[in-house]
Each structure stands twice: as structure tokens, then as C-alpha cells.
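The values are calculated or read from the model by the stated rules, or taken from the named source; none is laboratory data. Note that the coordinates shown come from a computational prediction; the quantities given were computed from them, not determined experimentally. Neighbour counts are summed over all protein chains in view; Cβ atoms, including those assigned to glycine, are modelled from backbone coordinates with ideal geometry.
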Amino acid sequence: MAANRRNGMHPAEPGLVGIVSGARVLPRMSLPTVATVVGAVAALYFGREIFLPIAIALLLTFALAPMVSALKRIGIPRLPAVIASVMGAFTVLALFSFVVATQVGELAQNIPLYQSNIVTKIRSLKETGISGGIVARLSGVIERVGQELDRQETSQPAADQPRREPVPVEIIARERPLQVLQNLIGPLISPLASAGLIIVVVIFMLLEREDLRDRFIRLVGYGDLHRTTEALQDAGKRVGRYLLMQLVVNILYAIPITAGLWVLGIPNALLWGLLALALRFVPYIGPIIGALLPLFLALAVAPGWSLVLWTAGLFVVMEMITGNVVEPWLYGSRTGLSPLAIIVAAIFWTWLWGPLGLVLSTPLTVCLVVLGRHVPQFEFLDVLFGNEPVLELHARLYQRLLAGDPEEATDHAEEFLEEKYLFEFYDKVAVPALLLGEQDRVRGVMGDEQRRRVAASAQTLVANLEDSAREEAEEDEPAAAEPATADEDKQAQGESEDDTELPDGTDISVLCAGGRGELDDAAAAMLAQVLEVQGAAVSKASFADMDPASIRRLELDAVDTVVVGFLNRDSVKHARFLVRRLKRAKSALRVGIVFWSEDGDDKKTAVELANDINADFVAYGMVEAVLGALSSDPPVALKVAAKRRMRRRPRPAKKAPLAAAK
């Protein structure tokens, strides 16, 4: 029997503003106005020539800061360390650009040599396809469109005018040497100027990093130094680690790609490897683009199809190894972005800043998520783009119960039960979800139909978890007696030495009942399942069975303890009435009352309330309810209320008639 169950209680999570009827209430989040969002986007769009170099410089500062710190630790002064780091990084980028440009020029010269292979493959597709296939249809459409365009261009403006032959014209441009030099250097001035500006900004940001940090703290977070410092450290750690680890992953990805393409005989294998390294910074679509270009070249250089298949297989195998082995091994933590947020961010930044915005989309969005995680005014950014659950577990469960979807609620419960016990799920997730339902009922926002749907979904959830309860009850317990194994288990689950153990319920019979409604019945069913796991013989009763006329019909002969649960804390009078009725039905019966709550853990108050309503015990949570139900204490005797007798006033003496007196 699973006799010993640890009480895995966890501290209340931050960010909660109150407790209403025992249920936690999440604070409302203020969203920025439409004018604020539009103004910020417009500023970023029209000021991209200013903001884009600053954004690139900021991200490079995050990436190079660990290198500068490492050089300073070995004794190099700050200025040489900064200059060496920046010059080294930009030298690598310049060398990368030079190699790519050289390879592209070589590829452009060889493209005409591959034309015959491409034409041959297209003809083979047309010949192997059935008559009227898609290739033939597309070719016909293209030919007809071309003929129509030629017909419109060569059509005469009037039928009676003779066709005139075009007169050949030759334009000879005589440019001066200065103009030629200007045409060559002009297109290079803008990117070179931007690169030089970025280098200067990065150098000064690295030199003045501490001063910039202090100014930022003074500007936005002087009132809460702890939160602002944590935000800056989190942003630097996430962005710097992302850029560094992504670079390492891309290098480990590009080297086998380059070697494999060279072995397969794909021309310019170094170019495709470098492009695969760079394009993999673009989430999701970057690796696809990096694979399409070599595939197209494999289609052009060889007459058959085997080279295309081998090239595709190379990219697929490398993606699987990188995504499932290399990235989980190197990434200690992810970026903190949801997959959908990464895609949306890529689209937004590409529209805003073009191809450079696409490359910078992920690190920029990481900065925004970190800002929203630590600054309350920008919390909506963390909610929109973060990968952390935005609803607590009990709120998610209540939403599923309210929607009448117990299957998805069961999926979430089974995920929780992979690491925790059943009583912990009911105590920390399921019962708080029912408390939210009771809160809505008290506020009048939940109708009868919704209440019945939530209760029915909760009952279905309990039934779906029957297999999990049976497996937990059948778990072998010998290992729990070994001190080393028990200590390891407690360390794995984060439990303390003084955790309460749930007792064995063998040979104890318990009746669990709801107090005043369908939601109480659902909570009682959860308690009953936990007691069954502990080995007790459990029966269940509905709140309707607790009516005065129905209590007499309950079969209580074989029952040792009756536990009645209330989600509404204002049911003390009703609980006192039920305790009195049940003890009158069977004097040797133990009766316990559970006022389900998340914070009612005051033992003294529970004892005082139990004495007040004449109950054997009063509990506020699942653990206390199980302890009280499986206790071996003798039942508390029913208190007999002293009846106050009305004192009769003495009757006045009858006066004799006046005639008789005379």
C-alpha cells in the first residue's frame, strides 16, 4: 500500500493580489494604448537609419562583453581589451564577407556551364510526365503569355500605316576618370560609413558599460535597484549566451555541411557552408534557405538525380543531429520565447528594418521579453512573446472545466502527476480550481448550467485519473525504508525533513460527502480518491443525501468516519447542523468538516472551530482532511444543549367573595 505520502506543499507564487473566498485572484494587467504602440512603431520605422546601427551595436556589446571581461581577468587593461575584442570580431566579419563575395563571383562565372543540365532535367520531366501533366501545362501557359506579350508589342497603331523598321541607336558615354571613381566608390560609402559608426559605438559602449548601466538605473529604476539590476543581468546573460551559443552551434553545423558538399562534388562548398552558418541565425526559415541554394546547384551540375538526393539527405541529417543533440547539449537555457513569438517577431522586424531586422529579430525580442519580465509597465511583452505559462495551473484547469473539456484537463493532470503525487495535484491545482468556480457562483457570474458543467467535468476528471490512482496505490514501498534512497528522493522532489506523512487507511471506512452543492460533491470525490490510494474503504454521498430527511437513510453501520466538505467558508452554521444530525444518527461516528481553502492552515483556529461545531476535526486542505479521516482518535461525544425552563410566576391567592367575607 502507498501508505506514506509526502506533503509537497509549495510557497505561494508571487504576483497575487488577494484571496477571495479562498481562491487566488490574478492582478489585471494594463495594456498600452493604441496611440503609444503606433507611435513607437512609427519611430522605429522612420528612424531606422538611426536605431538600426544602435541596435546592432547594442547586441554586439552584449556578445563581446564576456570576451572583454575575460581579457581583463588575465591582466589586460580595459582599453586594449576592448579594442582587441572589437577589432578581432570585425576582422572575422570582414574576412567572412570577403570569402563570400569571392565565392559568389566565381559562381556567377560558372552559371552558364550548368544551363544545359537544367534544360535536360526539365525535358526529362516533360517526357516522363503523362500527357497534359503539370509541367506541360505550365510550359504551355508560359509560351502563350509570351506570345501574347510579343503580339501586343509588335501590333501597329493603325492598319493603314506601313510598318517602319527600327533605327538602331548607339549611345557612347564619355565619362571622366573622376566620375568613374565616384560610381565605383559611391555605393560603398554608405555601408562602410555604417560599419565604421557601429565599430565606434561598440567601442564606447564597452568602455562606458558601467557608466551606461548606472545611468539606465537612475533613469528607469532608481526606486527599485534590485529589480532593475536583475533585469540588466538577465538581459545580458540571455542575449550574450544566445548569440555565443548560436554561433558555436552554427559553426558545428557549417563544418560538416562544407565537408559533405565538398565530398559530394558540389561547387563552391565553402560558400554554402558559410551561408548555412549565417542563415542559421534566422529562425526556422534560415536553414531552409541555406539548403535550397545547394540543392538547386546539385540539380544543375549533375545530369542525374542522385546528387540532389544525397545533398538533401546531408542537410536533413545535420538538422536532426543539431536540433536534437547539439543544441540541447550546449544550451543551458533557451531564449525564453515561444515558437510562434519567434515567427511573428521575424515578420515584424523584417518589415521594420529589412534583412538585417530578420537576423536581429530573435535577440531584439529577447531583450523586450526580459524588459517585460522585470518592469511592470511592459509586462504585456512577456505575456505576448514569452514561453512561460501565463495562467497558473489551477486557473488553466478551471478554464478547461468551465469550457467542458475534461480530456485536456486530464492531459495537464497527467503531466503534473509525472513528478508529483495525486494528493498534491488535488490540493494545489484541482481544489483551487473549484474554489474559483465557487467564487464565481458567489459573485453571481456563474449560472446553474455552468455550475453543473464544471462539476460534471470535475467528476469526469476524477474518473479519468482512476488508473493513475490505482498505479500509485500499487507502488512498491520497500525503497522508502532505506535512508539513502529516501534522502535522494526527498532531494529530487525538494522536500524537507519535517514533511507530514499520510497514514495507512487499511481497515478504516470513510464516507465522503459534499456540503451544499455540485462543486462540493466534486471536491468530495477528489478526497475519496486520495483516501482510496491510502487503502481506506471509501463510499461517497451527494450533497442531496445530507438533507435532514435523507441523512436517516444513510447506511452508517460500517462507516467509521464521515467527512463533509464545503467550498464556501460561510457554511459554519450548516456544518454544525450536519454534525449534530450525523452524530444523532450514529453516536460512535467520527464526523469531520473540511472548509476547502489555500491559506487556512491555522491549527489553533481549526481546533477552536471543531469544538464550536462539535466536530471531531476541522481541516482546510487535502492533507489535513486525510489525516483527520484516517485518525484513530475516539469520536467526540455530542454535546447536549441545556434546556432552559421557564420559571412560572406564583399564582395570586383567590380572594373570597365580598358577601362571604361579610
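Residues are listed down the side, and each one gets a yes or a no for (1) modelled with pLDDT of 90 or more; (2) surrounded by fewer than 21 Cβ atoms within 10 Å (Cβ to Cβ); (3) more than 26 Å from residue 402 (Cα to Cα):
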site	(1), (2), (3)
504	no, yes, yes
511	yes, no, yes
553	no, yes, yes
566	yes, no, no
570	no, yes, no
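The residue list 354, 372, 323 contains one member that is more than 30 Å from residue 597 (Cβ to Cβ), modelled with pLDDT under 80 and surrounded by fewer than 15 Cβ atoms within 10 Å (Cβ to Cβ), which is 323. Residue count for the stretch 272-303, restricted to those that are within 18 Å of residue 93 (Cβ to Cβ), assigned to a helix (DSSP H, G or I) and among the hydrophobic types (A, V, I, L, M, F, W, C): 6.
The number of residues in the stretch 385-401 being assigned to a helix (DSSP H, G or I) and crowded, with 18+ Cβ neighbours inside 10 Å comes to 8. Only one of the numbered conditions (1) buried (at least 19 other Cβ atoms within 10 Å of the Cβ); (2) modelled with pLDDT under 75; (3) assigned to a helix (DSSP H, G or I); (4) not aromatic (Phe, Trp, Tyr) is violated by residue 328, and that is (1). Residue pairs whose Cβ atoms lie under 9 Å apart, sitting 6 or more positions apart in sequence or on different chains, and linking a residue in the stretch 247-270 that is closer than 15 Å to residue 323 by Cα to a partner that is not in a helix (DSSP H, G or I), are 247/281; 249/280; 249/331; 250/280; 250/281; 253/280; 254/280. Screening residue 51 with (1) farther than 22 Å from residue 190 by Cβ; (2) hydrophobic (A, V, I, L, M, F, W, C); (3) at pLDDT 85 or above gives one miss only, at (1). Scanning the stretch 551-569 for residues that are within 18 Å of residue 537 (Cβ to Cβ) and in a loop (DSSP other than H, G, I, E, B) yields 554, 555, 556, 557, 558, 559, 560.
For residue 274, the stated conditions do not hold, so it cannot be described as buried (at least 19 other Cβ atoms within 10 Å of the Cβ) and more than 19 Å from residue 359 (Cβ to Cβ). When 266, 257, 251 are screened for being at pLDDT 70 or above, surrounded by 15 or more Cβ atoms within 10 Å (Cβ to Cβ), of a type in the set (Val, Ile, Thr) and assigned to a helix (DSSP H, G or I), only 257 passes.
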